[in-house]
Amino acid sequence: MMKEAVADGATIFLSSHTLSEVQRVADRVGIIRSGHLVTVEGVQQLRSKAIRRVDLYFDGAPDASLFEPIDGVREVEVRNHHVSLSFDGQMEELLRVATNSQSLTLTDINSQEADLEEIFLTYYREEV
């Protein structure tokens, strides 16, 4: 029904924190902060700013200091053979560091994109 209305030239306002839902139906996303519209961006541009949650698994215990200097890495947590971090940088650099460790082998990786709520919250942490 929404796609039909858009095809007829209508503007649809949708409130959602689920990025996949918004991607299915929206071309652009507006973010309101303190009652003011702070940005209107295409869904792809907004996604490119998203912080991802990345989990790296190794065959041994990695040192958090390997990952902390990488641009875009935040909140590094190491538990046994598992590294969990927030990341908004170039994935190539993260993987280069993870696979070039002298003594460890990367055994698995899981990456989850942030949802719109997390992206929205970045606008409250930063000055726009």
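No value in this document is a laboratory result; all are computed from the given coordinates. Here the structure is a predicted model, which means the values were calculated and not measured. Cβ atoms come from the backbone with ideal geometry, glycine included; neighbour counts cover every protein chain shown.
Quick notes on this one:
- Cleavage-rule hits (chymotrypsin sites (Phe, Trp or Tyr not before Pro)) in segment 24-97: DSSP loop, at most 10 neighbouring Cβ within 10 angstrom: none
- For segment 2-47, the C-alpha radius of gyration divided by 2.2 N^0.38 Å, with N the number of residues, is 1.18.
- J(HN,Hα) series, segment 82-90, from Karplus relation 6.51 cos²θ - 1.76 cosθ + 1.60, nearest Hz, glycine and proline x: 10, 10, 10, 8, 9, 8, 9, x, 7
- Longest to shortest principal axis, alpha-carbon extents of segment 51-112, angstrom: 26, 19, 18
- Among S16, V6, V38 - extreme Cα towards positive end, dipole of segment 2-47, charges at beta-carbon: V38
- The charge dipole of segment 51-112, taken about its Cα centre with unit charges on the Cβ atoms of Lys, Arg (+1), Asp and Glu (-1) only, comes to about 80 debye.
- Rounded to the nearest 20 debye, the dipole size of segment 2-47 about its Cα centre is 180 debye, using +1 on the Cβ of Lys and Arg and -1 on the Cβ of Asp and Glu.
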